[in-house]
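Structure record follows, encoded as structure tokens.
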């Protein structure tokens with residue numbers, strides 16, 4: 001009996017192990033949806049591989065950085081000094097992805113000497129930004145690699161965390177999408193392949209703004225009957241966030257010497273990661289502009305002070321350089337609606353204004369005067 | 001400890017490993033299975049183990065005495081009264097209280113009875129029915145009383161079928177114990193295929209359908225008529241995959257321990273009449289209700305009118321067995337009415353039972369939709385929600401179909417029905433069990449990959465655990 005059953009149990013397990021190895025070796029990269037989390041990572045990875053020049057500086061960050069900075073102008077300014085500055089920011093990319101890309105660059109592009117980490121105060125609230133990031137980091141990992149932060153997330157009761165130890169799980173969302181839309185997958189791969197690396201590095205631009213939407217509170221925004229497609233998108237976002245509005249808590253009285261364990265975890269992990277970036281030039285951490293919805297309603301009171309509690313000691317040690325532009329677009333406590341296209345992302349006007357203000361800082365902090 | 005939890009996987013591996021060296025159904029093997037069953041049940045609520053022990057000792061003692069008693073009727077009455085009394089207290093007491101309060105309010109009385117703060121013991125309906133079947137069989141003389149308390153305790157508590165069936169008859173269970181089968185290798189392979197199918201049905205299909213349909217059921221008021229209609233169909237398949245998945249796992253696991261349990265599902269959604277549906281859906285409950293309720297009420301032996309009354313009563317009580325709410329009563333009443341309607345009217349239409357394809361399709365279409373209609377009352381949390389569903393379905397003709405968000409679910413449901421037909425036509429599980437090594441390896445690998453890639457993060461509890 002055992003002789004009969006054993007191969008029927010062991011062989012499938014061996015095949016699964018082999019498939020895990022195959023997926024860890026990034027076999028699925030050929031078929032991944034280009035616009036998915038994993039797909040964006042794959043495209044960026046390929047774009048970097050296709051860049052023959054040495055890369056001096058990179059910009060890493062979330063979709064706030066993707067839409068909020070003029071990557072073309074930053075690259076051009078670096079170019080004037082004979083330097084190459086490449087934008088590697090990705091939608092959905094937060095600390096886990098940023099740190100994984102830094103690890104990957106260390107082996108793939110050891111010449112990188114510094115860069116921008118453009119996240120926001122909102123990204124410093126918790127240790128993790130969600131297990132979806134596991135899909136973003138997979139393409140930057142090798143056969144036997146799991147980033148320390150990623151693998152620490154494994155939780156037996158939570159299948160969404162299994163991606164932290166298994167590449168088969170990391171590509172789960174992508175495979176489900178391929179089964180649902182097999183024809184579109186082929187078309188999308190072809191369409192994105194025709195894009196080329198430069199468009200990816202330059203980043204997208206949005207012309208629209210949010211001024212047609214009641215902008216003062218999440219509740220007003222959520223209650224709006226939107227007409228245009230973008231306004232409907234914003235209203236949907238507001239509705240999805242409305243349940244959290246006003247319930248984020250209060251961190252304003254936090255004492256750095258007696259932090260609660262969860263705060264201590266965040267502080268410890270972020271400081272440890274930023275101390276170990278290992279670039280010759282300290283990373284320039286930019287806290288990107290956020291709308292007043294975040295500062296007033298969606299984040300705990302005192303979240304900005306908390307972010308500084310994490311980052312200021314590193315800046316004082318010289319491990320990072322810090323620029324806080326969180327309220328850059330605020331006028332009398334309200335964020336301007338003409339510079340955002342939803343409650344996360346700046347439009348082209350916002351991108352231009354912020355880049356105008358940031359360029360001299362980037363120049364001074366990163367490249368030095370010509 | 002749900003079947004789809006890592007705790008159960010660990011539990012099963014330990015119990016199976018411990019049982020492997022023991023001779024099948026030796027005293028040691030039986031003790032091991034009994035202790036494992038009590039651990040399994042106690043992991044939910046160890047205090048309620050007392051209820052199983054009570055039911056076990058009560059019916060074992062009554063069974064022994066029934067053989068020698070000059071007043072067997074009194075003994076069987078005690079068994080019925082106590083077993084059903086415990087069931088009634090835990091399952092129906094608050095239903096009675098709620099109904100009483102509603103009636104008091106309706107008559108203008110200000111007095112309200114306080115509900116009883118009690119937790120429903122998992123699987124109480126299943127093991128109570130199973131235990132009762134033993135005393136009734138002994139009372140009827142169909143079964144000799146079991147002398148071994150160990151055997152009887154194992155019959156009541158055996159963990160694969162303890163909490164959600166299949167409802168095994170004592171004679172079937174003891175036959176397995178007394179005449180251990182030598183399962184062939186192919187039968188063992190079939191058991192593994194059953195377990196794999198069970199997990200995929202539950203974890204991949206049932207949970208995915210729950211993930212798609214639950215948001216609609218939880219917010220009926222703002223859902224569109226088409227999404228409500230699809231949620232009704234989705235629930236029909238969800239409950240099938242959920243319950244038959246559980247049963248497949250239970251039967252497969254029981255086989256690995258040496259027991260052959262009766263089939264509980266036989267592709268119910270290919271049925272072309274409601275009567276046939278009940279021969280294919282939850283077959284062990286249908287059989288229990290037929291043998292111990294319908295037949296006891298007189299069945300069809302007392303004339304046509306009483307046959308219909310007995311049918312209706314059986315289905316009403318079958319509905320109430322599922323849960324303490326008027327919605328389950330309505331669900332049972334609907335099925336009772338369908339059965340009567342079929343006998344009284346449909347089957348008398350000339351050509352209705354013709355075997356030609358269009359007529360078979362018509363009968364299938366009608367049966368499937370009658371069953372789905374009844375599921376509305378089964379799934380809706382209360383009567384007013386059921387009415388809301390009906391109102392939404394009433395507006396279907398004038399509502400627009402949002403293909404963007406609903407097409408995928410609609411296609412998936414059609415695929416499920418197609419797979420149901422193919423499965424029934426080709427007996428896929430049987431064939432897979434008998435297949436050669438490469439097919440087994442491919443099927444098991446495909447099952448594992450399906451679990452890895454297509455199991456949603458959303459995990460709904462087994463629906464029948466609440467009964």
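The values are calculated or read from the model by the stated rules, or taken from the named source; none is laboratory data. The structure displayed is predicted, hence computed values, not measured ones. Neighbour counts are summed over all protein chains in view; Cβ atoms, including those assigned to glycine, are modelled from backbone coordinates with ideal geometry.
Those helices (runs of 4 or more DSSP H) of the range B:1-111 in which at least 1 residues are farther than 26 Å from residue B:133 by Cβ, considering only elements entirely within it, cover B:6-19, B:27-45, B:93-106. Close contacts from the range B:395-414, counting a first residue that is within 14 Å of another protein chain (Cβ to nearest Cβ) and within 21 Å of residue B:372 (Cβ to Cβ) and a second that is modelled with pLDDT of 80 or more and surrounded by 11 or more Cβ atoms within 10 Å (Cβ to Cβ), with Cβ to Cβ under 6 Å and a gap of 6+ residues or different chains, come to B:406/B:226; B:406/B:230; B:409/B:212; B:409/B:230. For the range B:61-77, the criterion of being crowded, with 18+ Cβ neighbours inside 10 Å and either closer than 17 Å to residue B:162 by Cβ or within 14 Å of another protein chain (Cβ to nearest Cβ) (or both) is satisfied by no residue at all. When each of B:457, B:355 is tested for being outside any helix (DSSP H, G or I) and either in contact (Cβ under 8 Å) with a residue 40 or more places away in the chain or within 12 Å of chain A (Cβ to nearest Cβ) (or both), the lone residue that passes is B:457. Set side by side, the residues B:449, B:418, B:428 differ, and just one is free of Cβ contacts under 8 Å to residues at least 40 places away in the same chain, within 11 Å of another protein chain (Cβ to nearest Cβ) and either surrounded by fewer than 17 Cβ atoms within 10 Å (Cβ to Cβ) or closer than 21 Å to residue B:188 by Cβ (or both), which is B:449. Taking first residues from the range A:68-88 that are more than 19 Å from residue A:105 (Cβ to Cβ) and partners that are in a loop (DSSP other than H, G, I, E, B), the Cβ contacts under 6 Å between residues at least 6 apart in sequence or on separate chains come to A:68/A:288; A:81/A:370. The set of residues from the range A:13-26 being more than 14 Å from every other protein chain (Cβ to nearest Cβ) and either surrounded by fewer than 17 Cβ atoms within 10 Å (Cβ to Cβ) or closer than 14 Å to residue A:109 by Cα (or both) comprises A:21, A:25. In the range A:28-60, of all residues being within 14 Å of chain B (Cβ to nearest Cβ) and assigned to a helix (DSSP H, G or I), the one that is nearest to the chain's Cα centre (by Cα) corresponds to A:38. If you go through the range B:172-196 and keep only what is under 24 Å from the mean Cα position of the chain (by Cα) and free of Cβ contacts under 8 Å to residues at least 40 places away in the same chain, you end up with B:174, B:175.
If the condition is being assigned to a helix (DSSP H, G or I), in contact with a strand residue (DSSP E or B) (Cβ under 9 Å, 6 or more places away or on another chain) and within 27 Å of residue A:281 (Cβ to Cβ), then the range A:307-349 contributes A:307, A:308, A:311, A:312, A:314, A:315.
For (1) touching a helix residue (DSSP H, G or I) at 6+ places or on another chain (Cβ under 7 Å); (2) surrounded by fewer than 21 Cβ atoms within 10 Å (Cβ to Cβ); (3) under 22 Å from residue B:83 (Cβ atoms), each residue gets a yes or a no:
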| residue | (1), (2), (3) |
| --- | --- |
| B:262 | yes, yes, yes |
| B:268 | yes, no, no |
| B:276 | no, yes, no |
| B:283 | no, yes, no |
| B:296 | no, yes, yes |
| B:305 | no, yes, no |
| B:318 | yes, no, yes |
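For the range A:141-159, the condition of being farther than 30 Å from residue A:304 by Cβ, away from every other protein chain (no Cβ under 14 Å), at pLDDT below 75 and in a helix (DSSP H, G or I) holds for at least one residue. Restricting attention to the range B:189-224, the residues that are more than 12 Å from chain A (Cβ to nearest Cβ), surrounded by 21 or more Cβ atoms within 10 Å (Cβ to Cβ) and over 18 Å from residue B:463 (Cβ atoms) add up to 1. Here residue B:36 passes the criteria (1) farther than 27 Å from residue B:138 by Cα; (2) surrounded by fewer than 17 Cβ atoms within 10 Å (Cβ to Cβ); (3) in contact with a helix residue (DSSP H, G or I) (Cβ under 8 Å, 6 or more places away or on another chain) except the one numbered (2).
Restricting attention to the range B:5-16, the residues that are within 12 Å of chain A (Cβ to nearest Cβ) and either over 21 Å from residue B:247 (Cα atoms) or at pLDDT below 80 (or both) total 0.
For the range B:119-136, the criterion of being in a loop (DSSP other than H, G, I, E, B), loosely packed, with under 15 Cβ neighbours inside 10 Å and at pLDDT below 85 is met by at least one residue. Candidates in the range A:160-204 are the residues that are outside any helix (DSSP H, G or I) and more than 19 Å from residue A:19 (Cα to Cα); of these, the one that is modelled with the lowest pLDDT is A:196. Set side by side, the residues A:93, A:97 differ, and just one is surrounded by 23 or more Cβ atoms within 10 Å (Cβ to Cβ) and part of a loop (DSSP other than H, G, I, E, B), which is A:93. Among the residues of the range A:262-280, those identified as farther than 17 Å from residue A:308 by Cβ and in contact with a strand residue (DSSP E or B) (Cβ under 9 Å, 6 or more places away or on another chain) are A:277, A:279, A:280.
Would you mind stating whether residue B:442 is modelled with pLDDT of 75 or more, under 27 Å from the mean Cα position of the chain (by Cα), in a helix (DSSP H, G or I) and within 14 Å of chain A (Cβ to nearest Cβ)? In short, no.
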